[in-house]
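All remarks here apply to the structure that follows.
The values are calculated or read from the model by the stated rules, or taken from the named source; none is laboratory data. If you're wondering where the values come from, they're calculated on a predicted model, not measured in any experiment. Cβ coordinates were reconstructed from backbone atoms using ideal geometry, including for glycine residues, and neighbour counts include every protein chain displayed. Side chains are part of the model used for accessible areas, which takes the heavy atoms of the whole protein and leaves out ligands, DNA and RNA. Shrake-Rupley method; radii C 1.70, N 1.55, O 1.52, S 1.80 Å.
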Amino acid sequence: MHFSRRGPISGERPVVTHDGADYDLTPLTSDIDGEFLSTDGVARTRAALAAGTLPRVEFGDDERWGAPIASIGKVVCIGLNYRDHAAETGAEPPVEPVVFLKAADTVGGPHDDVRIPRGSTKTDWEVELAVIIGSEGRYLESDAEAAAAIAGYALSHDVSEREFQLERGGQWDKGKNCEGFNPLGPWLVPADEIDDVQNLGLRLRVNGQTKQDGSTANQIFPVLQVVRYLSQFMVLRPGDIINTGTPAGVALGVNDFTYLRDGDVVELEIDGLGRARQRFVNA
């Protein structure tokens, strides 16, 4: 079972897919958001599917996919969280997680075009596992408490502009918050349907050429540790997203100047979380 949102921007319909069939979620909720997740939305959906009370829906091949979560509170990101990625950038593995934020309005659909910012010469790719928070978490003390705060997981693309991020002074924000710089989805998969979140393959291709091929087994700070850690510094609220880092293979690490250009196509996937495809176009 997985959740998605289908339709035009600002007009997406909440959908659940079960055994290969799509069902309309509007009898249960107006959207897939923090309120839905925090009020036992996953359990209520399973009960409705079992009772047969959700109507079937069908979509054409050209129907747009929106991000699988709406009304996002914040997007928290972890930098340098894969051993091979830290090594390729020449950085020492961090002693504590490197934390930065992306604005919620950077999140877009998994197949939407992504605009390359004006003046950009170093727009880069990063496939990431996203954690979707389902219940409020503050000062979490155990892995069990961290796990209870997680509603599910999604495929995320933490697009970055490296010159803006690293060469223009200040913090990383300028290179992380450009328009559309966080495609998300296609699906939100409930946490209990992922057998081992620390054993998921992540892959990314640019114009058909494999650039990233890693595993969450290579994370420096595992998912539950990241959730516990963040809860010591901020309140995690339903509908928040945590991008948990990227494996080796980004353009910055390869250092061969193959940054994204107008017309490039990026395809990415994570085991069990679906695939996404974005065309990059000049702003």
In segment 28-71, residues that are touching a residue at least 40 places away in the same chain (Cβ under 8 Å) and on the phi > 0 side of the Ramachandran plot total 1
Pairing a residue in segment 157-183 that is under 19 Å from V114 (Cα atoms) and open to solvent by 70 Å² or more (accessible area, probe 1.4 Å) with any residue that is modelled with pLDDT under 95 and charged (D, E, K, R), where Cβ atoms lie under 6 Å and the two sit 6 or more apart in sequence or on different chains, gives K174/R168
### Query
Can you find even one residue in segment 238-259 that is among the charged types (D, E, K, R) and under 21 Å from L184 (Cβ atoms)?
yes
Filtering helices (runs of 4 or more DSSP H) wholly in segment 167-283 for at least 1 residues that are more than 28 Å from G90 (Cβ to Cβ) and not β-branched (V, I, T) gives 223-230
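Matching residues to (1) closer than 18 Å to E163 by Cβ; (2) modelled with pLDDT under 95; (3) not β-branched (V, I, T):
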residue: A51; (1), (2), (3): no, no, yes
residue: D61; (1), (2), (3): no, yes, yes
residue: P68; (1), (2), (3): no, no, yes
residue: G73; (1), (2), (3): no, no, yes
residue: V95; (1), (2), (3): no, no, no
residue: P110; (1), (2), (3): no, no, yes
residue: S120; (1), (2), (3): yes, no, yes
Over segment 58-73, the set of residues of a type outside the set (A, V, I, L, M, F, W, C), farther than 15 Å from P183 by Cβ and touching a Lys or Arg at 6+ places or on another chain (Cβ under 8 Å) is E63, G73
